[in-house]
Protein chains: 2
Amino acid sequence: MNRVPLEGKVLSENARVAAELRERFREHRLPVLNIISSPGSGKTTLLEKTLESFSPSERVAVLTGDLQTENDANRLKRYGFPVKQITTGGTCHLDARMIEKHIADWDLEKLDLLIIENVGNLVCPSSYDLGEAAKIVLLSVTEGEDKPLKYPSIFFKSELMVLTKTDLLPYVPFDVPAAIENARRVHAEMEVVKVSCLTGNGMHEWLTWLERRKHAFLAELAHLVG
Amino acid sequence: MNRVPLEGKVLSENARVAAELRERFREHRLPVLNIISSPGSGKTTLLEKTLESFSPSERVAVLTGDLQTENDANRLKRYGFPVKQITTGGTCHLDARMIEKHIADWDLEKLDLLIIENVGNLVCPSSYDLGEAAKIVLLSVTEGEDKPLKYPSIFFKSELMVLTKTDLLPYVPFDVPAAIENARRVHAEMEVVKVSCLTGNGMHEWLTWLERRKHAFLAELAHLVG
């Protein structure tokens, strides 16, 4: 049952493809975000509200992963931006090769933001680099504030924690300061945004974070080139 | 990136150990339940309420899996029954070898029920047989009714779907009949119990299901021996 050498091969091959992707994304000055959470934490809903808020001239595209169904892509396509579903079959995460394959016919030069919605899984996606500029983890307030301690890898690797479904706070025993403290015990620099997609509370903060992160990516590129 | 041959080896070794466990559980007339869900669907809370409802003479034990922390075992130990935490490190599921190791110093002859709370993950645990008599999947009403279609493997393999957090139904856009219909599209024989651990609604049905399942296990054994 020693999985390490087996997984090591898969992960190093993934790292190689992810490095190529990262290089391509930099060449095209394209910030890529990899959004990860448990099933049902509200990734797709957050993306719906995000796309809805964008003007039609926004140059954004979305890849959305699931084991089965095109449900999420169908939900997201309604906003008029390029969206592709990645159906993994049984696989519990997206890998770099899947990303490479699904962007093959997109002109990256025409995009200013690529958002990847990973498979709903708080564990495995954290091991697979997709060439992204940043990982974002969602945690809904129905899930319990100890999740960062129980699933530390993804919280350690994410720049931002989005606390979702905050409209449910009056009805659930969720301690927001404890959740933030737990996230920062795992990752001291963790940024936090609290959002309710139902009421719209916090959407402005989230969109501001997105905008700021795009600029930081471009600034970093200029520095690398400079 | 072809994971199939690599995973095949791991899974066939797991199947071998799981078959040995199943044989041991049968020898000891011990029904074993493997509870699986997303992180934060309420597995530990359901087990807390279940243990709380048992008389001290009940011969039940619990194994609870997480990547990190002893939080769940600490919550469950308060009820006075044998409880052990399985901390998997980075591993996204429990496997049969972990179960074998953690029950090594328990006298199975003195147990009438063993409940295994798997790692919070709706994908990977479904591939790892633990020698259990039945798998149970939890789905909280905050997660969305299309989860059985998106994560079909675990719903296909589970005998029972427990819809949890039903007290939140007034505040979330969750369609209970659609969720049940989706589960039964994947697994026509799926049994369903609706529970709120906060109000206690549905706990009686859940406990009745447990009791009935224990009897069915013993009846099946008698038939096998018979």
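Readers should treat all values here as calculations from the given coordinates under stated rules, not as data from a laboratory. The structure displayed is predicted, hence computed values, not measured ones. Reconstructed Cβ throughout: ideal geometry from the backbone, glycine too, with neighbour counts over all protein chains shown.
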Only listed residue being crowded, with 20+ Cβ neighbours inside 10 Å and either within 13 Å of chain A (Cβ to nearest Cβ) or without any contact (Cβ under 8 Å) to a residue 12 or more places away in the chain (or both), chosen from B:Leu122, B:Leu111
B:Leu122
Might you let me know whether region A:105-114 holds any residue that is outside any helix (DSSP H, G or I) and over 20 Å from A:Lys214 (Cβ atoms)?
yes
Taking region A:115-131 and keeping residues in contact with a Ser or Thr (Cβ under 9 Å, 6 or more places away or on another chain) and part of a loop (DSSP other than H, G, I, E, B) leaves A:Asn118, A:Val119, A:Gly120, A:Asn121, A:Leu122, A:Val123
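May I ask you to verify whether B:Glu58 is more than 30 Å from B:Glu7 (Cβ to Cβ), more than 10 Å from chain A (Cβ to nearest Cβ) and part of a helix (DSSP H, G or I)? Walk me through how you get there before you give the answer.
Details: more than 30 Å from B:Glu7 (Cβ to Cβ): yes; more than 10 Å from chain A (Cβ to nearest Cβ): yes; part of a helix (DSSP H, G or I): no.
Criteria not met by B:Glu58.
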Among the residues of region A:20-55, which ones are part of a loop (DSSP other than H, G, I, E, B), more than 12 Å from chain B (Cβ to nearest Cβ) and of a type in the set (S, T, N, Q)?
A:Ser55
Here's a check for you: in region B:184-200, which residue that is assigned to a loop (DSSP other than H, G, I, E, B) and touching a helix residue (DSSP H, G or I) at 6+ places or on another chain (Cβ under 6 Å) is farthest from B:Ser153 (Cα to Cα)?
B:Thr199
Out of B:Ser140, B:Ser158, which single residue is more than 14 Å from every other protein chain (Cβ to nearest Cβ), closer than 25 Å to A:Asn118 by Cα and buried (at least 23 other Cβ atoms within 10 Å of the Cβ)?
B:Ser158
